[in-house]
1. Within the stretch 24-44, how many residues are under 29 Å from residue 275 (Cβ atoms) and surrounded by 13 or more Cβ atoms within 10 Å (Cβ to Cβ)?
2. Looking at the stretch 343-354 only, could you name the residues that are part of a helix (DSSP H, G or I) and free of Cβ contacts under 8 Å to residues at least 24 places away in the same chain?
3. If I filter the stretch 166-174 for residues that are part of a loop (DSSP other than H, G, I, E, B), within 30 Å of residue 94 (Cα to Cα), assigned by TED's automatic domain parsing to the domain that holds residue 108 and in contact with a helix residue (DSSP H, G or I) (Cβ under 9 Å, 6 or more places away or on another chain), do I get at least one hit?
4. How many residues, within the stretch 271-314, are closer than 23 Å to residue 342 by Cβ, without any contact (Cβ under 8 Å) to a residue 60 or more places away in the chain and touching a helix residue (DSSP H, G or I) at 6+ places or on another chain (Cβ under 9 Å)?
5. Does residue 194 count as modelled with pLDDT under 90 and either in a helix (DSSP H, G or I) or over 18 Å from residue 59 (Cβ atoms) (or both)?
6. Exactly one of (1) within 21 Å of residue 204 (Cβ to Cβ); (2) buried (at least 17 other Cβ atoms within 10 Å of the Cβ) is unmet by residue 57. Its number?
7. Can you tell me which residues in the stretch 113-140 are in contact with a helix residue (DSSP H, G or I) (Cβ under 8 Å, 6 or more places away or on another chain) and closer than 20 Å to residue 94 by Cα?
8. The conditions are (1) crowded, with 20+ Cβ neighbours inside 10 Å; (2) over 23 Å from residue 204 (Cα atoms); (3) out of contact with any helix residue (DSSP H, G or I) (no Cβ under 6 Å at 6 or more places or on another chain), and residue 65 fails exactly one of them. Which is it?
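The values are calculated or read from the model by the stated rules, or taken from the named source; none is laboratory data. Quick caveat: nothing in here was measured; it's all calculated off a predicted structure. Every residue, glycine among them, receives a Cβ derived from its backbone with ideal geometry; neighbour counts consider all protein chains shown.
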């Protein structure tokens, strides 16, 4: 290694020693604090619903809904932990909580196998029918003889992928059990999700409902101030930083997760620059980084042909004067990859979908006697799009 490279490493390490943090993990979205400001009502309601657990009785199923970053997951984990701690102190431990993120475990097989394994059973990665895995789950619940509280976080992601049959089976499983019981807590960011469920599932899952409203700027400031006191060194946060982060997140549907990410990344920006205080300019840089990350995440989840339409636009400098021109470029890329192009009408629909996702701007313009056409322009930096699509080797192997 050259002395120049060593100097860069040394310089970077020296800068990193000047950290502004005491414990940055406090600002992570999966951290569950001992105090959850402005969620006292929801904590009380959920505790009341789950209190039969301490008597060895099955509580009602609970449906929890609200926009992203409104504290739903944190409250559920907090209440279950507190009830568990209380139960162990009183020697009355009669329930088993099982948390499943349905965005990660997004098939019926994976959800059921995770449940079986959480109760001490074993399920091969593939090879069994879902009926057999469900049978094993009932055996494990009966053997445990306890109440299993199943938390299905982002349950809408599972239902959109595989339908609501698994919810029907889980909410009706008690009819098939001789020993042990099951209670289901469904959590969703989609406030209209419940309306699209089968009526039988809706009535079973929604025995109790708890709504989490968005936080306002003052509430977000309280949350950030509480976390910042544990996350940062004394005097590391300059005046106005907390309020600035809170105001940004309040405009974006009161998302506490967004506010926490902004504050944490602003601290990391200050740290990278070797500075000992977090200032508003660091938050502005953090906001830009977060937006870039969000664009990348959206792009990487797009269907293949949507990625190709986006790629065609980015490679053309970020703009097309008509859908026809875009289609020519898209067809060229698709054929170069050995793919069958979709129709021009479908590409027009894809453009509308990309516009809804905030990735492109499409506007109809009049060309006089030549009629109307649709101009398409990227709504984000083309370099961010190209960088995101590098993860898809097939899309860029041309």
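1. At the first step, the residues of the stretch 24-44 found to be under 29 Å from residue 275 (Cβ atoms) are 24-31, 33, 37.
Now drop any that are not surrounded by 13 or more Cβ atoms within 10 Å (Cβ to Cβ), which leaves 24, 26-29, 31, 33, 37.
Matching residues across the stretch 24-44 total 8.
2. Keep residues of the stretch 343-354 that are part of a helix (DSSP H, G or I), which gives 344-354.
Answer for the stretch 343-354, where residues must be part of a helix (DSSP H, G or I) and free of Cβ contacts under 8 Å to residues at least 24 places away in the same chain: 344, 345, 349, 352.
3. Kept after step one, since they are part of a loop (DSSP other than H, G, I, E, B), are these residues of the stretch 166-174: 172.
Then drop every residue that is not within 30 Å of residue 94 (Cα to Cα), which leaves 172.
Cutting the leftovers down to assigned by TED's automatic domain parsing to the domain that holds residue 108 gives us 172.
Now restrict to residues that are in contact with a helix residue (DSSP H, G or I) (Cβ under 9 Å, 6 or more places away or on another chain): 172.
Yes, that holds for at least one residue.
4. Initially, the stretch 271-314 is screened for residues closer than 23 Å to residue 342 by Cβ, giving 298-314.
Those still in the list that are without any contact (Cβ under 8 Å) to a residue 60 or more places away in the chain too: 301-303, 305-306, 309, 312.
Next cut, touching a helix residue (DSSP H, G or I) at 6+ places or on another chain (Cβ under 9 Å) only: 302-303, 305-306, 309, 312.
Residues in the stretch 271-314 being closer than 23 Å to residue 342 by Cβ, without any contact (Cβ under 8 Å) to a residue 60 or more places away in the chain and touching a helix residue (DSSP H, G or I) at 6+ places or on another chain (Cβ under 9 Å): 6 in total.
5. On the way: modelled with pLDDT under 90: yes; either in a helix (DSSP H, G or I) or over 18 Å from residue 59 (Cβ atoms) (or both): yes.
Here the answer is yes, as residue 194 does meet what is asked.
6. Every listed condition holds for residue 57 apart from (2).
7. 115, 116, 119, 120, 121, 137, 138, 140
8. (2)
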